[in-house]
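See structure below.
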Amino acid sequence: MSEAIVQAIDLTKEFQRGQTKVIALQSVNLAVDRGEFVALMGPSGSGKSTLLHMAAGMDQPTQGRLIVLGEEPANMGERDLARWRNNHVGFVFQAFNLLPVLTALENVELPLKLTALSRARRRENAMTALKLVGLDDRLDHFPRQLSGGQEQRVAIARAIVTDPDVILADEPTGNLDAASARDVLQLLQRLNREFGKTIIMVTHDPHSAEAASRVIHLDKGQCVEPVQV
């Protein structure tokens, strides 16, 4: 029997923009099983990134529930949430979010500094993650010395270095050329197929969505059936 690793139940998110109330998500119900590679698709403003951020505990629902790995991030205190996120969730940003003053190795090692691992073990784990993404020859390079595709692979290495249960990727190919985007998508597929990582990826690109095993379409904050052409 499959295990739902992420489950949204009547999930609603509203926020104020000036005098206007904006409904980012409205009564969303969905489930992502352990080991799935799911793409969240939809136009800009459809609620894709909002849903991803809530799954990572970066935002909270207005109504409804979002259960991740049997926990509700919205109910956690700040310290417990930071610990839970560091142990269980890897987040990949569109803009890479690498620290320019740190090398690739140091950027990947950052999440491990919140653990009890020794410095030597942290370094070893970071090197292993960089080797997995094919950048073991770029350990001492700074972000400015890397291509966009290499920077995103460093960001993925940082996301997986703690061996998370779920990887959340927000438009991971949005800032990349076609060849680099293909490499990143192949890497995500490998993490899913060979290492069993559950991946939820936000994208507006149908070609990127083809890398996933299932596509969930959002429009105006609601799950919709894809339009048949």
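Using alpha carbons only, the radius of gyration of segment 4-224 set against its Kirkwood radius gives Rg/Rh = 0.97.
May I ask which residue of 110, 160, 56 lies farthest towards the positive end of the charge dipole of segment 4-224, with charges of +1 (Lys, Arg) and -1 (Asp, Glu) on Cβ and the Cα centre as origin? So the residue we want is 110.
Stretching residue 213 away from residue 83 to a fully extended chain increases their span by 43.8 nm, per 0.36 nm per residue minus the current alpha-carbon distance.
Dividing the mean sequence gap of close Cα pairs (under 8 Å, 6+ apart) by how many residues segment 4-224 holds gives a relative contact order of 30 percent.
Residues of segment 89-109 with the amide nitrogen closer than 15 Å to a label point 7 Å from the Cα of residue 144, along Cα-to-Cβ, please. Label zone hits: 98-104. What's the angle, to the nearest 10 degrees (0 to 90), between helix 119-132's Cα axis and the longest principal axis of the chain? The angle comes out near 70 degrees. Based on DSSP H segments of at least four residues, each scored -39500 (n - 2.57), the chain has a per-residue ellipticity at 222 nm of -9500 deg cm²/dmol. Listed by Cβ neighbour count within 10 Å, with the fewest neighbours leading, 197, 48, 113, 220 appear as 113, 220, 197, 48. About its Cα centre, the chain has a charge dipole of approximately 440 debye under the convention of +1 per Lys or Arg Cβ and -1 per Asp or Glu Cβ, with nothing else charged. Annotation for residue 178 and residue 29: the two label points, set 7 Å from Cα along the Cα-Cβ direction, are 4.2 nm apart.
You can think of it this way: the chain between residue 4 and residue 131 has 42.7 nm of extra reach, that is 0.36 nm per residue less the Cα-Cα gap. Gain on full extension, evaluated as 0.36 nm per residue between residue 20 and residue 222 minus their Cα-Cα distance, stands at 70.8 nm.
Computed from the coordinates by the stated procedures, all read-outs in this text should not be read as laboratory data. Everything numeric here is computed off the predicted structure, so don't read it as measured data. So basically every Cβ, Gly included, is an ideal-geometry build from the backbone, and we count neighbours across all protein chains shown.
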